[in-house]
Structure formats: C-alpha cells, structure tokens
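Everything below concerns the one structure shown next.
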Amino acid sequence: MFVRCAAAMALLAGLPAVVGCGNAPEMASVEGTLKLDGKPLDKIQVEFWPESDGPRSMGVTDDKGHFVLTSDDGKTPGAAVGSHKVVLRDVGVLGDKFLGRAGEDVDMTEGRTPRLSSDYGDSQKTPLTKEVTSGKCVIELNLTSPTP
C-alpha cells in the first residue's frame, strides 16, 4: 500500500509541471514594413508588447523599412498571438559609435534629431496597436509626420 501511495504522490507532484508546459502562448511569424510619410525608415527598433500574456517581441528595420520580430529571448521567432501595443525606438539617432573612452559620459544623441515622436517610444503613450493572428502576419506601419 505504501508503495502505491508513494507512486501516486510522485505522479501528482509532477502533474503541475506537465500542465504548466502547455500554457506557453501561441506564437506567430511576424514581419512588416515601417514607413514615415510613405518613405521607409531604417534603424527603428519595432517592439510588440502583448496586452495579455506572452513575451515582448522586437526587430530592427533595414534600409527598406523591413523588420522581422523575434521574442525577447532572441531565440523564438515571431510574436504572441493577440493584441499588442507597438513601441518604436529610433536607434538610428544613436549613430554608429556606442563606446566612449573609459569613464567618459557620451551623449550619443547630441546634434541628432529623433525622427519619431517620443510618444511612440513609451508603451503607455504609443497610439499604435496591432493584432497578431495565427500563421504568418505581415504588418504595415504607416506613420505621418506631425504638422507644425
């Protein structure tokens, strides 16, 4: 009897771990294009922040404005299926050099003007949302410059 109880307890103890494995969010392949006033934007980090469960995903646009998303771990392609806030960070404003001399503070944005509103870089303020559906998603992000 003790052997059966011990075996049953071991089986039940392992059950939550097995059940937990099935809770990973469904992921879908996501790629797209980012344009500002009809022109492709390069060196923009595109981030998809799920509005429910799932990892954040990101990619950086090339010279044609094209991006491909990969989850935060850098290993899982795509984004979680569902609604996302879209955050855009202008990494092109940083230039090509990221390291200064030892102990020196370097302002990489000095003399450079961001190409996007700072609201796009804030997950609480961004006006962009996109839906990721099962399968392969192609997402177009078409922005317009604010009028002065």
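Scanning the stretch 114-130 for residues that are surrounded by 11 or more Cβ atoms within 10 Å (Cβ to Cβ) and at pLDDT 90 or above turns up ASP119, TYR120, GLY121, ASP122, SER123, LYS125, THR126, LEU128, THR129, LYS130. In this structure, is GLU47 of a type in the set (Asp, Glu) and crowded, with 16+ Cβ neighbours inside 10 Å? Yes, satisfied. Screening the stretch 33-44 for residues that are of a type in the set (D, E, K, R) and part of a strand (DSSP E or B) and picking the one that is surrounded by the fewest Cβ atoms within 10 Å (Cβ to Cβ) gives LYS39. Number of residues in the stretch 48-67 that are in contact (Cβ under 8 Å) with a residue 60 or more places away in the chain and of a type in the set (Asp, Glu) equals 1. Residues that are in contact with a Gly (Cβ under 6 Å, 6 or more places away or on another chain), modelled with pLDDT of 85 or more and part of a loop (DSSP other than H, G, I, E, B) within the stretch 67-113 comprise just one, LEU69. Residue pairs whose Cβ atoms lie under 7 Å apart, sitting 6 or more positions apart in sequence or on different chains, and linking a residue in the stretch 121-148 that is more than 17 Å from GLY54 (Cβ to Cβ) to a partner that is assigned to a loop (DSSP other than H, G, I, E, B) and not acidic (Asp, Glu), are LEU141/LEU128; PRO146/SER117.
The values are calculated or read from the model by the stated rules, or taken from the named source; none is laboratory data. Predicted model only: the values in this text are computed from it and were never measured. For neighbour counting, all protein chains shown are included, and Cβ atoms are generated from backbone atoms with ideal geometry for every residue, glycine included.
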